[in-house]
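Here the structure is laid out as structure tokens; the discussion comes afterwards.
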Amino acid sequence: MTYTFDLTAVWALIIAFAVFAYIVMDGFDLGIGILFPTFRVGEERDHAMNSIAPVWDGNETWLVLGGGGLFAAFPLAYAIILTATYPLMIAMLLGLVFRGVAFEFRWRHARHRPLWDAAFTIGSLVAALAQGITLGAILQGIQVQNDAYAGGWLDWLSPFSMLTGVSLVIGYALLGASWLIWKTDGETQHRARRLAFVLGIGTLVAMAAVSAATPFLHYDYWRRWFAMPGVLVTAQVPLLVLISAVVFFWSLRRGAERLPFLLALALFLLGFIGLGISMYPFVVPRAVTIWDAAAPEQSQIFMLVGAAIIVPVILAYTGWAYWVFRGKVGAHGYH
Amino acid sequence: MFDQLDPVILARAQFAFTVSFHFIFPAFSIGLASFLMVLEALWLSTNKSLYLDLFRYWIKIFAVTFGMGVVSGIVLSYQFGTNWSVFSTKAGPVIGPLMAYEVLTAFFLEAGFLGVMLFGMQKVGKGLHFFATCMVALGTLISAFWIVSANSWMQTPVGFVINAKGQFVPAGSWLPIIFNPSFPYRLVHTVIAAYLTTALVVGAVGAWHLLRDRAHPHARKMFSMAMWMLALVTPIQILAGDQHGLNTLEHQPAKVLAMEGDYDPSPDGAPLVLFGLPSNRDAVVRYKIEVPKIGSLILKHDPDAPLPGLTDFPRDKWPAVPIVFWSFRIMVGLGFAMLGLGIWSLVARFRKRLYDWPWLHRLAVVMGPAGFVAVIAGWVTTEAGRQPYTVYGQLLTSQSHSPLAAPAVATSLAAFAVVYFSVFGAGTFYLLRLMARRPEQDESEPPHVPQRAAGITPAPGIYEGPIVGGADL
């Protein structure tokens, strides 16, 4: 008995899941880094930092899975995209170095703390910006010839990619602010709530701008979004964004503590689905499909067995680690 | 100004720089994680607060080291694609899954339990905390398993076929790929090296504090534990290294000949070249000091066994002999210095002078960084010795790199150099500061000021035992 079962599409889903898990998890902790200067030196900053200290390493591991998974399941896409966005990748990696070490280094020497707090912010900002610009660079298209990148080393630079870069920074900051509403109380929470309001508006404006600009990049995007009968499906995405946005602002006003974070996640999920509509089944738009880029079946099956068994286990103990450090970071002690 | 530079050389320099810097941290954290596991186990089984103090002392050092290992490691998982895109496309179907398994089985395990290990003692209680420590230690070893497997496959590639796109794809089972011919030897050699590196650091810190106060109980305990490790494990490592060398001779003879400095074949048994200045251009080792027949004795376990020379191989397939020759001597020399320190510690222990023999302690302090140097020298030997290939005998390094212009790679290399030296330089400074401070009775937990500033008291009943009452609780 043979199953007709598209292994490559399954792997595309797994990688998409890893990337989304990364965006969600590292999104809020990069966001806290971006917002760090708005918190007062002392307890407020310490609370913000400590709300993510036990989990940041796990969050960042999803980035390694996204990259490593792409390498393993779609080696051609990994090779093309990383070469095409070379300076962005290097900037992101160096940004992550600075912010990653800041978690430990800031406690090691009182006089050096302002320095590592600055490294935390700048590193987070650079990493978020580089990721956003990379997204724009992929959407606008990458020049490919004979299965290799054929452009220059600054092809990624464009007004559109700058727009996606700034948008992702605002979006991550929103995730960070709404995470802090959940995890802190008192003055820190109050400040986070006000930030989340402004950032919520900013995120919606950014989503609208990117959505409006994308169909003009290429006719293919226009067709995907606006041709009948597909429009009946695709139109649900902006509709759901609108509903989520209304509930988000309502929950902020009502003083809810968890709902703003969950709705910010919903906004990200909808944005991510929108991205899927624009790209599928291409991994490098209009040049390389997931099937062109796919590793041979033996490689995909070998990893699928592992992923099917191990990913649920990872989710279970990651969930446990979050559960251990549940509750407010200020009042009930975290560490 | 960068246009004259060769982008391949720059890409190699960048990979060599970032991977060498990175490996310093896991070389220490693999051993330290296991050491912490042993300390916590000893604390739980004996209830002696000394072990908990040592655990808390070393876990702060572990946290800083681990953080640097994580961030420098992420760089590597992306560098295959950024700088070695042709290699990635071609070898991805084999190497990629091995690295994906490393992420799935090791990185998540370490990261998931690290938070609990560092900050969760009062949250989860002793038993679960010990479990978390064990998972982190296990994660470091699983990580070593997969990454050494991937590296070994590049050294001794088997179990593959080449498809129509020119990609390496598995021929059938994955087992021959994972357990490729050089993998078991390299894994054992690498993990023992990490344990020895850690023992040397722990021993040096203990010795440093013994030189100031030879009665200090914590310093005594850590020095003694480290010296046992060194004395017992260094001989095993030398044996493992010998076996690894025989395996390399079988599969990568040119590498061994470069390590030995044997340009000319030795039909009646090869000498052991102790020192000399190899020159690839003239195919000769100048000013060499050699012992006849010993080379064959070591490599073939027979003094008269013939050995080939590099001149038996095409010239463009030679590695850079001076690098391989010297890095190998640095590694072996340090290995025997470690053996010497281990033997001296046994003599001192036998004469009951382990804690009051200042020259022994001084040597232990000087040898503190020796593990790092030996480990890097060893990797330089095996990686430079693999040249001119990325996948040995199959894919040339000169045909593996990304289509990037030299200025892009030169700029990123300069950025990595500046950032790594400043960031990891600062990290090393913090580590040395932590080590310079003596472990104390009721050693505090990892520093998280707000917890104490906010006056947190742990839930009663979760955390008991004779140690409760420290200032940190």
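Here, each number is a calculation from the coordinates, and none is a lab measurement. Keep in mind the model is a prediction, meaning the values are calculated, not measured. For neighbour counting, all protein chains shown are included, and Cβ atoms are generated from backbone atoms with ideal geometry for every residue, glycine included.
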How about the range A:296-310: which of its residues are surrounded by fewer than 19 Cβ atoms within 10 Å (Cβ to Cβ) and in contact (Cβ under 8 Å) with a residue 40 or more places away in the chain?
A:297, A:301, A:304
From the residues in the range A:83-94 that are more than 8 Å from chain B (Cβ to nearest Cβ) and in contact with a Ser or Thr (Cβ under 7 Å, 6 or more places away or on another chain), which one is farthest from residue A:124 (Cα to Cα)?
A:85
Taking the criterion of being without any contact (Cβ under 8 Å) to a residue 40 or more places away in the chain, among the β-branched types (Val, Ile, Thr) and outside any helix (DSSP H, G or I), would at least one residue in the range B:153-160 satisfy it?
yes
Residue in the range B:73-83 that is farthest from the other protein chains (Cβ to nearest Cβ), counting only those that are of a type in the set (A, V, I, L, M, F, W, C) and surrounded by 24 or more Cβ atoms within 10 Å (Cβ to Cβ):
B:80
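Conditions tested, residue by residue: (1) within 14 Å of chain A (Cβ to nearest Cβ); (2) under 24 Å from residue B:319 (Cα atoms).
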| position | (1), (2) |
| --- | --- |
| B:360 | no, no |
| B:373 | no, yes |
| B:393 | no, yes |
| B:411 | yes, no |
| B:419 | yes, no |
| B:432 | yes, no |
| B:438 | no, no |
| B:442 | no, no |
| B:445 | yes, no |
When the range A:27-45 is checked residue by residue, the ones that are among the aliphatic types (A, V, I, L, M) and assigned to a helix (DSSP H, G or I) are A:30, A:32, A:34, A:35
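Say we look at the range B:84-112 and pick out the residues that are closer than 17 Å to residue B:12 by Cβ and touching a helix residue (DSSP H, G or I) at 6+ places or on another chain (Cβ under 6 Å); which of these is surrounded by the most Cβ atoms within 10 Å (Cβ to Cβ)?
Kept after step one, since they are closer than 17 Å to residue B:12 by Cβ, are these residues of the range B:84-112: B:84-88, B:91.
In the following step, the residues that additionally are touching a helix residue (DSSP H, G or I) at 6+ places or on another chain (Cβ under 6 Å) were identified as B:85, B:88.
Numbers: B:85: 29, B:88: 27.
If we take residues in the range B:84-112 being closer than 17 Å to residue B:12 by Cβ and touching a helix residue (DSSP H, G or I) at 6+ places or on another chain (Cβ under 6 Å), then B:85 is surrounded by the most Cβ atoms within 10 Å (Cβ to Cβ).
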Of all residues in the range A:137-173 being in contact with a Pro (Cβ under 9 Å, 6 or more places away or on another chain) and part of a helix (DSSP H, G or I), the one that is surrounded by the most Cβ atoms within 10 Å (Cβ to Cβ):
A:138
Based on what the data block shows, is residue A:127 more than 9 Å from every other protein chain (Cβ to nearest Cβ), crowded, with 24+ Cβ neighbours inside 10 Å and touching a strand residue (DSSP E or B) at 6+ places or on another chain (Cβ under 7 Å)?
no
So, restricting to helices (runs of 4 or more DSSP H) that lie completely within the range A:229-295, which ones have at least 1 residues that are surrounded by fewer than 18 Cβ atoms within 10 Å (Cβ to Cβ) and either at positive phi or more than 23 Å from the chain's Cα centre (by Cα) (or both)?
A:231-234, A:236-254, A:290-293
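From A:267, A:275, grab the single residue that is touching a residue at least 60 places away in the same chain (Cβ under 8 Å) and either within 10 Å of chain B (Cβ to nearest Cβ) or more than 24 Å from residue A:197 (Cβ to Cβ) (or both). Talk me through it step by step, then tell me what you get.
Working: A:267 fails: either within 10 Å of chain B (Cβ to nearest Cβ) or more than 24 Å from residue A:197 (Cβ to Cβ) (or both).
The match here is A:275.
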Out of curiosity, is residue B:49 surrounded by fewer than 24 Cβ atoms within 10 Å (Cβ to Cβ), more than 7 Å from chain A (Cβ to nearest Cβ), hydroxyl-bearing (Ser, Thr, Tyr) and in contact (Cβ under 8 Å) with a residue 40 or more places away in the chain?
yes
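Out of A:68, A:58, A:42, I need the residue that is more than 8 Å from chain B (Cβ to nearest Cβ) and over 24 Å from residue B:422 (Cβ atoms). Which one? Show your work before the answer.
Details: A:68 fails: more than 8 Å from chain B (Cβ to nearest Cβ); A:58 fails: more than 8 Å from chain B (Cβ to nearest Cβ).
Of A:68, A:58, A:42, the one residue that is more than 8 Å from chain B (Cβ to nearest Cβ) and over 24 Å from residue B:422 (Cβ atoms) is A:42.
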Give me the pairs: first residue in the range A:215-226 and assigned to a helix (DSSP H, G or I), second residue of a type in the set (Gly, Ala, Ser), beta-carbon distance under 6 Å, and six or more apart or on different chains, which are they?
A:221/A:278
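Being in a helix (DSSP H, G or I) and free of Cβ contacts under 8 Å to residues at least 24 places away in the same chain is the filter here; which residues of the range B:166-192 pass it? Full working, then the answer.
Restricting attention to the range B:166-192, the residues satisfying the condition of being in a helix (DSSP H, G or I) are B:175-178, B:183-192.
If the condition is that a residue be in a helix (DSSP H, G or I) and free of Cβ contacts under 8 Å to residues at least 24 places away in the same chain, then B:175, B:176, B:184 are the ones that fit.
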Under the condition of being in contact (Cβ under 8 Å) with a residue 40 or more places away in the chain and either within 22 Å of residue B:52 (Cα to Cα) or not aliphatic (A, V, I, L, M) (or both), which residue from the range B:111-122 is nearest to the other protein chains (Cβ to nearest Cβ)?
B:119
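Out of the residues in the range A:95-115 that are more than 7 Å from chain B (Cβ to nearest Cβ) and buried (at least 24 other Cβ atoms within 10 Å of the Cβ), state the one that is nearest to residue A:10 (Cα to Cα). If you could, list the steps in order and put the result at the bottom.
Of all residues in the range A:95-115, those more than 7 Å from chain B (Cβ to nearest Cβ) come to A:95, A:99, A:102, A:106, A:110-115.
When the remaining residues are screened for being buried (at least 24 other Cβ atoms within 10 Å of the Cβ), the result is A:95, A:99, A:102.
Working: A:95: 32, A:99: 33, A:102: 37 Å.
So, considering only residues that are more than 7 Å from chain B (Cβ to nearest Cβ) and buried (at least 24 other Cβ atoms within 10 Å of the Cβ), the one nearest to residue A:10 (Cα to Cα) is A:95.
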